[in-house]
Amino acid sequence: MSKYDVVVVGGGAAGLSAALVLTRARRRVAVVDAGEPRNAPAAHVQGFLGSDGLPPSELLAAGHSEVAGYGGDLMSGTVATITQCAQTGAHARLRFDVVLEDGSTLRTRRVLITTGLRDEIPDIPGVRERWGRDLLHCPYCHGYEVRDQPLGVLGGAPEAVAHAHLIREWSSDVVFFTNGATLTVDQREQFVARAIGVVDEPVTRLVVENDQLTGVELQSGHVVPRAAVFVRPHFVPNDDLLVRLGCATHDNGWVAADATGRTSVPGVWAAGNAVNPRAQVITAAGEGSAAGIAINNDLVDEDLPIAVANLRLPV
Ligand SMILES: Cc1cc2nc3c(=O)[nH]c(=O)nc-3n(C[C@H](O)[C@H](O)[C@H](O)COP(=O)(O)OP(=O)(O)OC[C@H]3O[C@@H](n4cnc5c(N)ncnc54)[C@H](O)[C@@H]3O)c2cc1C
């Protein structure tokens, strides 16, 4: 069985950043990654200082070679279970067995879970196909690229109205498609005040021509021309492993981790979108870095009393 100081589950920005810190701290590190980073459909990573506009795959490839260059083991695969090994003796160290779907097992002193989140988006024809291209969610990721163009916002999610007001900062031509949601009188007045159009007729599909979104088709068959459409997804954390390990959650159901990624379960850490829906690539990388430093300190703290106890053993 392979033995590590830290097994990182998930090799996106958060996981690779943690692995970089930990391998540079001379820890034995494995990163197990299922290979489906959240931003894979997008052509570019925007807003990452120094790497703005880089394709997501290139950013990860650079991270792979940096981590491997310091001796980290990069593994393709999906982690199925993590179990804590029984501790025996006064100064026993924490141990976990990380089991991959192919049956292989990694023993490790600490686990860091950076498994990201899933975006649940409306089930309307064209939405899934255009996701990350011209059916967008994040104006900070894509807004500049579609600035001043005719934009739409699909209603439905509770936060969609606020989202439309945000998108309005990038274009003066924004239409809000209520998509079944009921607007209050105040909300309609606010949309008028900001010159945001409102369409109450149900949306049937996104219209695509020459591999480009050109409009939003309504039930009547009428098409509202749009160059891009924004949606506010429902964010679902990939936190099964954390939950099954017994990590405490916030009232909103998301697993609780402190500013260093420490969860309520000793030895279990988490970072990035798995515990923080707001994390952008640079934030996820920062959280991973902070977790890497904190885990290294935690390992030192665990080793110190054991070293002292060993020193005091009668010869
Ligand atoms: C379409 C789109 C475009 C975006 N564009 C931008 C942008 O331009 N700029 C920006 O800052 N942010 C952008 N984001 C947000 C960005 O994707 C996230 O901030 C970032 O991916 C979070 O990094 P992470 O490491 O937490 O998770 P991820 O990057 O999602 O990485 C998680 C990894 O864990 C793996 N994994 C999951 N479960 C397991 C398991 N059980 N075992 C092993 N591996 C597992 C996944 O396969 C994945 O590779 C975009 C998001 C989307 C949806």
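The values are calculated or read from the model by the stated rules, or taken from the named source; none is laboratory data. Every value quoted in this text rests on a predicted model; they were computed, and no experiment measured them. Cβ atoms come from the backbone with ideal geometry, glycine included; neighbour counts cover every protein chain shown. Surface areas here come from the heavy atoms of the whole protein model, side chains and all, with no ligands, DNA or RNA. Shrake-Rupley method; radii C 1.70, N 1.55, O 1.52, S 1.80 Å.
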E302 vs. criteria more than 24 Å from Q87 (Cβ to Cβ), more than 16 Å from the ligand (Cβ to nearest atom) and surrounded by fewer than 22 Cβ atoms within 10 Å (Cβ to Cβ) | no
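The rows are residues; the columns are (1) within 15 Å of the ligand (Cβ to nearest atom); (2) within 19 Å of P41 (Cα to Cα); (3) of a type in the set (D, E).
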site	(1), (2), (3)
C141	yes, yes, no
L151	no, no, no
A164	no, no, no
W170	yes, no, no
V174	no, no, no
Q187	no, no, no
F191	no, no, no
N210	no, yes, no
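Do you know which of the residues in segment 216-256 that are part of a strand (DSSP E or B) and more than 30 Å from F176 (Cβ to Cβ) is nearest to the ligand (Cβ to nearest atom)?
V255
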Determine, yes or no, whether E101 is in contact (Cβ under 8 Å) with a residue 40 or more places away in the chain and open to solvent by 70 Å² or more (accessible area, probe 1.4 Å).
-> no
Based on what the data block shows, is A90 out of contact with any helix residue (DSSP H, G or I) (no Cβ under 6 Å at 6 or more places or on another chain), of a type in the set (A, V, I, L, M) and open to solvent by 70 Å² or more (accessible area, probe 1.4 Å)?
-> yes
Considering residues of segment 27-56 that are surrounded by fewer than 18 Cβ atoms within 10 Å (Cβ to Cβ) and away from the ligand (no atom under 11 Å from the Cβ) only, the residue modelled with the highest pLDDT = R28
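From the set of residues in segment 262-274 that are within 16 Å of the ligand (Cβ to nearest atom) and farther than 14 Å from V8 by Cβ, which is surrounded by the most Cβ atoms within 10 Å (Cβ to Cβ)?
Per the stated criteria, the residue is N273.
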Residue check for T81: over 26 Å from Y140 (Cβ atoms), open to solvent by 40 Å² or more (accessible area, probe 1.4 Å) and within 14 Å of the ligand (Cβ to nearest atom) = yes
Check N276 against each of (1) of a type outside the set (F, W, Y); (2) assigned to a helix (DSSP H, G or I); (3) under 23 Å from the mean Cα position of the chain (by Cα) and name the one condition it does not meet.
-> (2)
Among the candidates A294, A285, A259, single out the residue that is within 12 Å of the ligand (Cβ to nearest atom) and either open to solvent by 60 Å² or more (accessible area, probe 1.4 Å) or part of a helix (DSSP H, G or I) (or both).
-> A285
